[in-house]
2 protein chains.
Amino acid sequence: MAYHDGMVRPLPRLYTPIPLAEGVQVALERAQAHYVKDVMRLSAGDTVRIFNGADGEWLSEITEAGRNSAMLTTVNQTRPQPAFAGPRLIFAPLKKNATDFVVAKATELGAARISPMITEFTDTTRVNRERLTANTIEAAEQCERLDVPVVDDARRLADILADWNGGTPLICADETGGGAPILDALHGLKIEPGASRETPAFVIGPQGGFSKSELVSFDGLAFATKVDLGPRILRAETAVAAVLTCWQAARGDWRNGGTGS
Amino acid sequence: MAYHDGMVRPLPRLYTPIPLAEGVQVALERAQAHYVKDVMRLSAGDTVRIFNGADGEWLSEITEAGRNSAMLTTVNQTRPQPAFAGPRLIFAPLKKNATDFVVAKATELGAARISPMITEFTDTTRVNRERLTANTIEAAEQCERLDVPVVDDARRLADILADWNGGTPLICADETGGGAPILDALHGLKIEPGASRETPAFVIGPQGGFSKSELVSFDGLAFATKVDLGPRILRAETAVAAVLTCWQAARGDWRNGGTGS
């Protein structure tokens, strides 16, 4: 994006897998070094922010900026690591761009775990987990998240359901009109008080929806609730953004003070 | 999308600007004719559905399929035109793909009117209204809508506000944290009973947000309410999908029976 006079320009944020504390040296990935030097035009002595999903966010100074590399040293913690309990998203992989979109939006909208799923009508079974993980990291850097969603390997829907922990509600988007209005369903969810990690999982079918037998199989599961997303047929990626938005707004961290449910 | 055995394959839906009634002949646009013949592999005698935003949806028979053209004849009305009152979306144009995305998602999520807006930090002032309109038509065809959102020419935010009808609530997404939780704000909106067209307008700033003076100007408007979209910084296109989702789920046509508020 372009910055203009008068805009508040936040310090760039970068993800690193290494443990962080005061005075830790961090070597940036090549693409991050390029971003910092060539896109943001920063050099030795400038500062950025860095996070690893576990140790909060750290103001860090650029101590070396070479041709293809850059080195940071952490200075002080700017935000502690919050307790975080986001929902799980289970989705059917789409075309490449749509899958990239789903993963980025799920990260912005606070999913904690992203699980590609193979259903009867799933268009593609090729899932590049490294690519999806790279997308979640980039989205987390941009959206001020302090963690990065976990990305699972693709599994068949039936296998996912066979292993299910019955304490986790499963919310299924049913485009055939068989579900409850989504906010009613979410407000009605019993979530154990204090069980901060008991957030639900949302499952969104592929373009073309779930098969009849898949929809029937949800009816037999005590932990599953089918929800309706209105009279228009949403594309799968829109349905993903919609269910996660409804969760955050009704029960998640978009409410007063973001204290969870 | 690919269709599989067992999938319910809906009849293709096409938009036409001409008035519809029984036995009306409709010449398809060249791109529509290509879609019907070459993508959907239909020919004379096959049926599609057609709508114009005013006269409901009509089952129509393909009566001619030439090299670059196709002709339909309407057979019978399959759905009457519903009364429709969707919100207005006012957004700052983004890069081309992001703008296309915003317009398509706004159509899926039931916006009735889409108004590009120039703000202090808007990246681009070039808005191709024909392109946006083509995107709304394509999205409407795919999402089973019976109308197409109106697309306005781009105007400056100050000019839009100067002309405002004070009876229409304006909901402003404030990424600086100055707003109310969005569902609280929407549930609190007073909408005149029976005034089915009194839906709000949502305004979403560009990447980088509104300027300080723009945010202050909203405070001085009796019809404006600032809302908060949580602790993560959403991209502008995500914020668009989020506010329209919250509206439809809380006060719009995603509730029981879609009867509006």
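The values are calculated or read from the model by the stated rules, or taken from the named source; none is laboratory data. Predicted model, so just to flag it, every value in this text is computed and none were measured. Using ideal geometry, Cβ is built from the backbone for each residue, glycine included, and neighbour counts are taken over all protein chains shown.
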Worksheet item: Is it true that A:LEU161 is away from every other protein chain (no Cβ under 13 Å) and in contact (Cβ under 8 Å) with a residue 60 or more places away in the chain?
Response: yes
Discussion item. When you check A:THR125 against the structure, is it surrounded by 22 or more Cβ atoms within 10 Å (Cβ to Cβ), touching a strand residue (DSSP E or B) at 6+ places or on another chain (Cβ under 8 Å) and within 14 Å of chain B (Cβ to nearest Cβ), yes or no?
Written reply: no
Worksheet item: Would the range A:143-165 turn up any residue that is modelled with pLDDT under 90 and not hydrophobic (A, V, I, L, M, F, W, C)?
Response: yes
Worksheet item: Among all residue pairs at least 6 apart or on different chains, which show Cβ distances below 8 Å where the first residue, located in the range B:1-22, is under 15 Å from A:GLY205 (Cβ atoms) and modelled with pLDDT under 95 and the second is surrounded by 12 or more Cβ atoms within 10 Å (Cβ to Cβ) and acidic (Asp, Glu)?
Response: B:MET1/A:ASP123; B:ALA2/A:ASP123; B:HIS4/A:GLU120; B:GLY6/A:GLU120
Worksheet entry | Odd one out for A:GLY110, checked against (1) buried (at least 20 other Cβ atoms within 10 Å of the Cβ); (2) farther than 25 Å from A:PRO17 by Cβ; (3) within 13 Å of chain B (Cβ to nearest Cβ) | (2)
Practice prompt. Read through the list (1) within 12 Å of chain A (Cβ to nearest Cβ); (2) within 19 Å of the chain's Cα centre (by Cα), then give the number of the only condition that B:ASP184 fails.
Written response: (2)
Fill in: All positions within the range B:97-135 that are touching a Lys or Arg at 6+ places or on another chain (Cβ under 9 Å) and farther than 22 Å from B:ARG156 by Cα
B:ALA104, B:LYS105, B:THR107, B:GLU108, B:LEU109, B:GLY110
Discussion item. Quick check on the range A:234-246. Is at least one of its residues of a type in the set (Ser, Thr, Tyr), assigned by TED's automatic domain parsing to the domain that holds A:ASP123, at pLDDT 90 or above and on the phi < 0 side of the Ramachandran plot?
Written reply: yes
Practice prompt. Kindly indicate whether A:ALA92 is surrounded by 20 or more Cβ atoms within 10 Å (Cβ to Cβ) and touching a Pro at 6+ places or on another chain (Cβ under 8 Å).
Written response: yes
Item to complete: Would you be able to tell me the number of residues in the range A:202-233 that are without any contact (Cβ under 8 Å) to a residue 60 or more places away in the chain and at the interface with chain B (Cβ under 9 Å from one of its Cβ atoms)?
Response: 7
Practice prompt. Check the range A:61-80 and report whether any residue there is in contact with a Gly (Cβ under 6 Å, 6 or more places away or on another chain) and either among the small types (Gly, Ala, Ser) or surrounded by fewer than 14 Cβ atoms within 10 Å (Cβ to Cβ) (or both).
Written response: yes
Worksheet item: Out of all the residues in the range B:128-151, which are within 14 Å of chain A (Cβ to nearest Cβ), under 11 Å from the mean Cα position of the chain (by Cα) and among the hydrophobic types (A, V, I, L, M, F, W, C)?
Response: B:ALA139, B:ALA140, B:CYS143, B:VAL148
Worksheet item: of a type outside the set (Val, Ile, Thr) and closer than 19 Å to A:GLU144 by Cβ - does that describe any residue in the range B:190-201?
Response: no
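Might you check whether a residue that is within 19 Å of B:PRO200 (Cβ to Cβ), in the same structural domain as B:GLU237 (by TED's automatic domain parsing) and in contact (Cβ under 8 Å) with a residue 24 or more places away in the chain occurs anywhere in the range B:140-147?
There is at least one residue in the range B:140-147 that is within 19 Å of B:PRO200 (Cβ to Cβ), in the same structural domain as B:GLU237 (by TED's automatic domain parsing) and in contact (Cβ under 8 Å) with a residue 24 or more places away in the chain.
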